Structure formats: C-alpha cells, structure tokens
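Engineer: My structure is below; once you've seen it, I'll send some questions.
The values are calculated or read from the model by the stated rules, or taken from the named source; none is laboratory data. A quick note: this is a predicted structure, and the numbers were derived from the prediction, not measured. Because the Cβ atoms are built from the backbone with ideal geometry, glycine has one as well, and the counts that use them run over all protein chains shown. These area figures cover heavy atoms from the full protein model, side chains too; ligands, DNA and RNA do not enter into them. Shrake-Rupley method; radii C 1.70, N 1.55, O 1.52, S 1.80 Å.
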Amino acid sequence: MKNASENKIIQAQCRFDFLGKITVRSQFGGYGLLANGIMFAVVSEGEVYLRANDLVENLFRARGMTNLVYAKRGLPVLLRYYCVDSVLWGDDLVLRHFAKQAYQGAKSEVLSKNCPPVRLKDLPNLSASLERLLWKAGITSVAELRLEGAKRCYLKLRTLRCSLGLNVLLALAGAISGHHYAVLPLVMRSELMEWFEMHFRAVDIGIAQYETA
C-alpha cells in the first residue's frame, strides 16, 4: 500500500497544484496534503480523502463519499475526511471544486484558532443542561460533537436518559450544521426522523405503556 500511496501523492500534487505548492507530511497513519501550509486532504492506503467543513460535509455525504477511519488506541474513529472515489477522481471539474472548498474551509479553521474557544452551549439548540449531559456522555467539545455526529451523540445520551425524544436528535443535528432544529434542511430532517422511527419509536411506545399501566 505504501507504493500505492506514493503514486497517489504524485498524482495529487499535479491535480491540486492550482491551490499552490503541495507538500506532504505524515498524518493519521498516512500522509497529509498541504497547500500553502494548510492541510486540506489525506492520502491513506492509496486513496485520497478531502477534509470536510460545515459548508461541504453534507455535500460530500450526499455524493456517497465515506469517512476515513482511524484506529485510535485500538478503537475505530471516523475522521472528518471523505474518500475521493474513482468516479470523482475522474471528474476534474467537480474534484477541483471540492478540493477548493476543502482548502478554504481548512484555512478558515486555522485562522479561527486564535479566537476564543466555543462551548457546546454556544451552538444552536444546545442549552446548558444539554451541554452537561453531553459532558457526562464523554462529549466535551464542539470538535468531539462534530466528529461523533448527531446519531452517535444521541445514542450516547439515550444510555444516560432514555426519555430523550426526537427533538434532541434534531437539536444535535442542527447544532452541528448551524441550523435551528425547526428549520433543518428537509432532506436531513426526513432522514433523521426515519432513523429515529426505525430505532426508537417502538421502544418509546413500550416505555409509555409501561408507565401508564
């Protein structure tokens, strides 16, 4: 796989040179690709993964791009980098657009590091009480919330308080995407509601029936 990654790096340096000089450093067990000192992509096992941000992550997911999985202390962790498949790699126009978005988002994140850190309760929909519950679930920062995603965070919260309903799931998704939960994009809202119905509606009905018995 090392040779495959090295070949992909050479190709990527040519494909992404419109961003500036592309340099390489070790990262996540693979190789980070940097333009002007800003890491916007990773090469791992011969594949390129573009760095996501709040503006493009849903776009990456909608296209079917999958997360880079990194083993941290023996446990799989989904990173905010998304795989460039062979179809996207062959579409130069779209690939350049995605790479530019990844670079600009990464640059904005680097520049914002000098700003005061944002607490969970500063995000849309998240109250101080929900922030404390997230802390109990082991999610203590905005970065951890985004890395886990709304569904995984909700599952962790349900282990602490099984009475949490659909609105909490929507609130988490809105906090991550920057929307009030009442005005989530329709596609995102529908997908979350379908997931909730599939996993929890029967359980919640059973709890309600037990409590009223």
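Engineer: Considering only protein heavy atoms, what is the solvent-accessible area of Cys83 at a probe of 1.4 Å, reported in Å² to the nearest 10?
Structural biologist: For Cys83, the solvent-accessible surface is approximately 20 Å².
Engineer: OK, next. Quick check for you: with a 1.4 Å probe and neighbouring chains kept, what is the accessible area per residue of the range 1-105, in Å²?
Structural biologist: 54 Å²
Engineer: Another question about this same structure. So, R0 is 22 Å and r is the distance between the beta-carbons of Ser163 and Ser190; what FRET efficiency does that work out to, to 0.05? Can you show the working numbers first?
Structural biologist: Details: r = 24 Å, r/R0 = 1.08.
My answer for the efficiency is 0.40.
Engineer: Between Ala182 and Gln11, take the C-beta separation as r, use R0 = 35 Å, and let me know the FRET efficiency to the nearest 0.05. Spell out each step's value before the answer.
Structural biologist: Numbers: r = 45 Å, r/R0 = 1.29.
So the FRET efficiency works out to roughly 0.20.
Engineer: Once ligands and nucleic acids are excluded and a 1.4 Å probe is used, how much of Glu45 is accessible, expressed in Å² to the nearest 10?
Structural biologist: 130 Å²
Engineer: Please work out whether the range 1-114 counts as rounded, prolate or oblate from its C-alpha gyration tensor, where a ≥ b ≥ c are the square roots of the eigenvalues and a/c under 1.5 means rounded, while otherwise a/b larger than b/c means prolate and anything else oblate?
Structural biologist: Rounded is the answer for the range 1-114, as its axis ratio a/c remains below 1.5.
Engineer: Something else now. Using a probe of 1.4 angstrom, how much of the accessible area of the range 27-88 is carbon and sulfur, in percent?
Structural biologist: The computed percentage sits at 53.
Engineer: Sticking with this structure for a sec: Answer rounded, prolate or oblate for the range 120-201, using the Cα gyration tensor with square roots of eigenvalues a ≥ b ≥ c: rounded when a/c is under 1.5, else prolate when a/b is larger than b/c, else oblate.
Structural biologist: Oblate, since a/c reaches 1.5 and b/c is not below a/b.
Engineer: Let me ask you something else. Which cross-chain or sequence-distant (5 or more) residues have an amide H under 5 Å from the amide H of Ala41, H modelled 1.01 Å from N in plane?
Structural biologist: Amide H neighbours of Ala41: Leu33, Arg51.
Engineer: Here are several values of Cα extents along the principal axes in Å: [x] 76, 49, 27; [y] 67, 37, 36; [z] 41, 33, 33. Which one was derived from the coordinates shown?
Structural biologist: [y]
Engineer: Say a paramagnetic label sat at a point 7 Å from the Cα of Ser129, along Cα to Cβ; which residues of the range 160-187 have their backbone N under 18 Å from it?
Structural biologist: 160-172, 181
Engineer: If you don't mind, there's one more thing I want to ask. Can you give the calculated 222 nm mean residue ellipticity of the chain, where each DSSP H run of n ≥ 4 adds -39,500 (n - 2.57) and the sum is split over every residue, rounded to the nearest 500 deg cm²/dmol?
Structural biologist: Values: 9 runs with 107 residues, N = 213.
For the chain, the value works out to -15500 deg cm²/dmol.
Engineer: Could you give me the ³J(HN,Hα) list for the range 88-93, computed from phi with Karplus coefficients 6.51, -1.76, 1.60 and θ = phi - 60°, whole Hz, x at Gly and Pro?
Structural biologist: Once rounded to whole Hz, the list reads 5, 4, x, 9, 4, 5.
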